[in-house]
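Everything below concerns the one structure shown next.
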Amino acid sequence: LALEADLRYAIERNQLQLYFQPQAHIHSLQIIGVECLIRWHHLGKLVSPIEFIPLAEESGLIIPMGEWILRTACQQAKAWQDAGTPLIVAINISVRQFQHPHFLSLVRQVLQTTAVDPAWIELEITESVVMQDADHTIELLQQLRDLGVMLSIDDFGTGYSSLSYLRRFPINKLKIDQSFVGNLVSGNQDAAIVDAIVRLGHNLGLTVIAEGVETEAHLAVLAQLHCDEIQGYYFSRPLPLAELTRFLSSQI
Ligand code: G
Ligand code: G
Ligand code: MN
Ligand code: NA
């Protein structure tokens, strides 16, 4: 496959780039963190991860790519810490990466070599990943927590979460999937779902963040439903580092 060969080359030649989407407190709108989102500059175009993450998963390239993402994200988190402006740095972990036998030791090694304070690192795991082989998953999640990192469940509400398992997962945050946010109107069915997720999260002692927040109206409904944090185009698109730096300084 031509694209696969190109992708392999892109990893070796550092043609991948991390973008960062700010996350903010729902009331103060203060930036609390960023989600790292991978971009690939390929033949003069920006290829979406929707196109190449599945390919990377199938081919196994997600392992070196995921390692590059983890290391680059931790280096950036460390730079913000050293500058006295620490931010939560949230990193997407793919299924195959999470299930790789050396994932735990990779995370440990990257934390050590980058000397980052792991309290500011958040690993985003999707709901479907954590539901496979739950006993093993709980053990691995606990081992990751023991390294000092935070854990969130991404795309929450789209998979088939067993609520009893959720109670046993040593996680910190639920990320409400953007499919529940796009048509959010006070009193509608999506609002009922968001309300239930926020209550569930809070009753389990978790922080709840909504993704895909695009409008002032979304923000108002989410605030009314006591959601803690927001992420989405309303606040900012994913930005390359230089633009994020400008955005951060404009917020102070
Ligand atoms: O940023 P964007 O909306 O284009 O991302 C599309 C999809 O690709 C999302 O599902 C997102 O979670 C995934 N994605 C983006 N960056 C990464 C990454 O660094 N690692 C993994 N595993 N998935 C990513
Ligand atoms: O699967 P995950 O939640 O990691 O994917 C996040 C994806 O959502 C990224 O591709 C990102 O670019 C996209 N995204 C971020 N904010 C918004 C938004 O406000 N609206 C829409 N439609 N997509 C968004
Ligand atoms: Mn995510
Ligand atoms: Na999501």
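The values are calculated or read from the model by the stated rules, or taken from the named source; none is laboratory data. These numbers were taken from a predicted model, which means no experiment stands behind them. Here the Cβ is made from the backbone with ideal geometry for all residues, glycine too, and neighbour counts use every protein chain on show. Ligands, DNA and RNA are excluded from the accessible area calculation, which covers all protein heavy atoms including side chains. Shrake-Rupley method; radii C 1.70, N 1.55, O 1.52, S 1.80 Å.
Yes or no: ASP177 charged (D, E, K, R), more than 15 Å from ligand 1 (Cβ to nearest atom), buried (at least 17 other Cβ atoms within 10 Å of the Cβ) and touching a residue at least 12 places away in the same chain (Cβ under 8 Å)? Before you say what the answer is, go through the steps one by one.
Numbers: charged (D, E, K, R): yes; more than 15 Å from ligand 1 (Cβ to nearest atom): no; buried (at least 17 other Cβ atoms within 10 Å of the Cβ): yes; touching a residue at least 12 places away in the same chain (Cβ under 8 Å): yes.
No; evaluated as a whole, the condition is false for this residue.
Could you please find all residues in segment 135-155 being free of Cβ contacts under 8 Å to residues at least 60 places away in the same chain, open to solvent by 10 Å² or more (accessible area, probe 1.4 Å) and not acidic (Asp, Glu)?
In the first step, residues of segment 135-155 are kept if they are free of Cβ contacts under 8 Å to residues at least 60 places away in the same chain; the result is 135-149, 151, 153, 155.
Narrowing the set further to residues that are open to solvent by 10 Å² or more (accessible area, probe 1.4 Å) leaves 135-136, 138-140, 142-143, 145-148, 155.
Within segment 135-155, HIS136, ILE138, LEU140, GLN142, GLN143, ARG145, LEU147, GLY148 qualify.
From the residues in segment 213-252 that are among the β-branched types (Val, Ile, Thr) and part of a helix (DSSP H, G or I), which one is farthest from ASP195 (Cα to Cα)? Break it down stepwise before answering.
Just the residues of segment 213-252 that are among the β-branched types (Val, Ile, Thr), to begin with: 213, 215, 221, 230, 245, 252.
Checking the rest, the ones that are also part of a helix (DSSP H, G or I) come to 221, 245.
Working: VAL221: 10, THR245: 34 Å.
Taking the candidates together, the pick is THR245.
Hey, does segment 38-52 have a residue that's touching a Lys or Arg at 6+ places or on another chain (Cβ under 9 Å), more than 19 Å from PHE103 (Cβ to Cβ) and assigned to a strand (DSSP E or B)?
yes
Listed residues ASN92, ASN203, ASN172; which is within 16 Å of ligand 3 (Cβ to nearest atom) and either farther than 26 Å from ILE50 by Cβ or of a type in the set (Gly, Ala, Ser) (or both)? Explain how you work it out, then say what you get.
Working: ASN92 fails: either farther than 26 Å from ILE50 by Cβ or of a type in the set (Gly, Ala, Ser) (or both); ASN203 fails: within 16 Å of ligand 3 (Cβ to nearest atom).
Exactly one residue qualifies, and that residue is ASN172.
Going through segment 76-105 one residue at a time, which ones are open to solvent by 40 Å² or more (accessible area, probe 1.4 Å) and either within 16 Å of ligand 4 (Cβ to nearest atom) or under 17 Å from LEU147 (Cα atoms) (or both)?
Scanning segment 76-105 gives LYS78, ASN92, VAL95, PRO101, HIS102, SER105.
Please go through segment 1-42 and pick out each residue that is at pLDDT 90 or above, among the charged types (D, E, K, R) and open to solvent by 40 Å² or more (accessible area, probe 1.4 Å).
Within segment 1-42, ARG39 is the sole residue that qualifies.
Do you know which residues across segment 209-252 are more than 16 Å from LYS173 (Cβ to Cβ) and of a type in the set (D, E, K, R)?
Listed by number, the residues that qualify are GLU214, GLU216, ARG237, GLU243, ARG246.
Does VAL130 count as within 16 Å of ligand 1 (Cβ to nearest atom), over 15 Å from ILE88 (Cβ atoms) and part of a helix (DSSP H, G or I)? Explain how you work it out, then say what you get.
On the way: within 16 Å of ligand 1 (Cβ to nearest atom): yes; over 15 Å from ILE88 (Cβ atoms): yes; part of a helix (DSSP H, G or I): yes.
When the stated conditions are applied, VAL130 passes them.
Any chance segment 194-211 includes a residue that's assigned to a loop (DSSP other than H, G, I, E, B), modelled with pLDDT of 95 or more and within 16 Å of ligand 2 (Cβ to nearest atom)?
yes
From the residues in segment 195-244 that are within 25 Å of THR72 (Cα to Cα) and polar (S, T, N, Q), which one is surrounded by the most Cβ atoms within 10 Å (Cβ to Cβ)?
GLN231
What's the number of the only condition in (1) in contact with a Lys or Arg (Cβ under 9 Å, 6 or more places away or on another chain); (2) within 11 Å of ligand 1 (Cβ to nearest atom) that GLY60 fails to meet?
(2)
In segment 7-28, is there at least one residue being under 27 Å from GLN112 (Cβ atoms), within 15 Å of ligand 1 (Cβ to nearest atom) and of a type in the set (D, E, K, R)?
The answer is no, given that none of the residues of segment 7-28 is under 27 Å from GLN112 (Cβ atoms), within 15 Å of ligand 1 (Cβ to nearest atom) and of a type in the set (D, E, K, R).
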